[in-house]
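Inspection log for the structure reproduced underneath, given as structure tokens.
Read-outs throughout are calculated quantities, based only on the coordinates presented, and are distinct from any laboratory measurement. Please read all numbers here as calculations on a predicted model, not as lab measurements. Note that we place each Cβ from the backbone using ideal geometry, even for glycine, and neighbour counts take in every protein chain shown.
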């Protein structure tokens, strides 16, 4: 019961909310860069097949 009371009493101030909103674009760019790094180093073929020039490293399947 004390935990709920303590948690309910902790609310962010207006300044903290503004700081969090200012951080959102930075966090989005960091997440996008992390995703692109993961795709690059894991060589995820499902995604890298659609990247121009990068997809030339995969052999083409012969048309039947």
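Here the convex hull built on the C-alpha positions of the chain has a volume of 170 cubic angstrom per residue. Summarising the label geometry, the points placed 7 Å from Cα in the beta-carbon direction at residue 28 and residue 58 lie 2.9 nm from one another.
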